[in-house]
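For reference, the structure is listed below as structure tokens.
The values are calculated or read from the model by the stated rules, or taken from the named source; none is laboratory data. Small disclaimer: the values here were computed from a predicted structure and weren't measured. Glycine also receives a Cβ, built like all others from the backbone with ideal geometry; neighbour counts cover every protein chain displayed. The area values use the complete protein model at the heavy-atom level, side chains included, leaving out ligands, DNA and RNA. Shrake-Rupley method; radii C 1.70, N 1.55, O 1.52, S 1.80 Å.
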Amino acid sequence: MMVSYGTLSVTNVYANEAEQTQRLSQQLSKTNAQEVVQLAQTLGIKTDSEEIIITDSQMVRLLEKSGVDTSQIMLPRRDGVTKIISRGRGSWDVYISATWIQNYYWVLGAAAGVIAAIAPGIGWGLAYSIVASVAGLVGQNSKNGVIVRVRNWGISSMSYQ
């Protein structure tokens, strides 16, 4: 079955993904960002530094706090790491682990909300753009992590780690 959005036609799978993402983002908007920040700090994530480091197991806990069913996520023996490094006003380098790409791409809205809550200044819209861009790479290569460079509040480049 094909679904059309204006001039764009997509398969039913992608339409279902978009619908699920919309539901997750609505659910996330009900989640208090301060609660996510408090949990992040409890888990040992330093949310007030220039470099925020989140292990994959910590991300799962934060997603659970945001109301996401994480039962489908299979974590490897070794935790990957997602880093958010502030490079000054409106600029960040976001290093997203390969495990994150393989496991979390289907919870875009919630993952963006977690990033927006714990990384001061990024905001939900930019965080969503980052994770949506990375999710677009899933079909191309999910064995490597991705570096997303944000300059002046816009994505300037992406590359594999």
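The residues on offer are ILE118, ILE84, ILE130, ILE122, and the sole one that is of a type outside the set (Gly, Ala, Ser), touching a strand residue (DSSP E or B) at 6+ places or on another chain (Cβ under 8 Å), touching a residue at least 60 places away in the same chain (Cβ under 8 Å) and closer than 20 Å to GLU50 by Cβ is ILE118. Within the stretch 66-115, the set of residues being in contact with a Phe, Trp or Tyr (Cβ under 8 Å, 6 or more places away or on another chain), within 17 Å of LEU43 (Cα to Cα), modelled with pLDDT of 85 or more and open to solvent by less than 40 Å² (accessible area, probe 1.4 Å) comprises THR82, ILE84. Summed over the stretch 24-65, residues that are modelled with pLDDT of 55 or more and either among the hydroxyl-bearing types (Ser, Thr, Tyr) or part of a helix (DSSP H, G or I) (or both) total 24. Taking the numbered list (1) at negative phi; (2) in contact with a Leu (Cβ under 9 Å, 6 or more places away or on another chain); (3) in contact (Cβ under 8 Å) with a residue 24 or more places away in the chain in turn, ILE96 passes all entries but (2).
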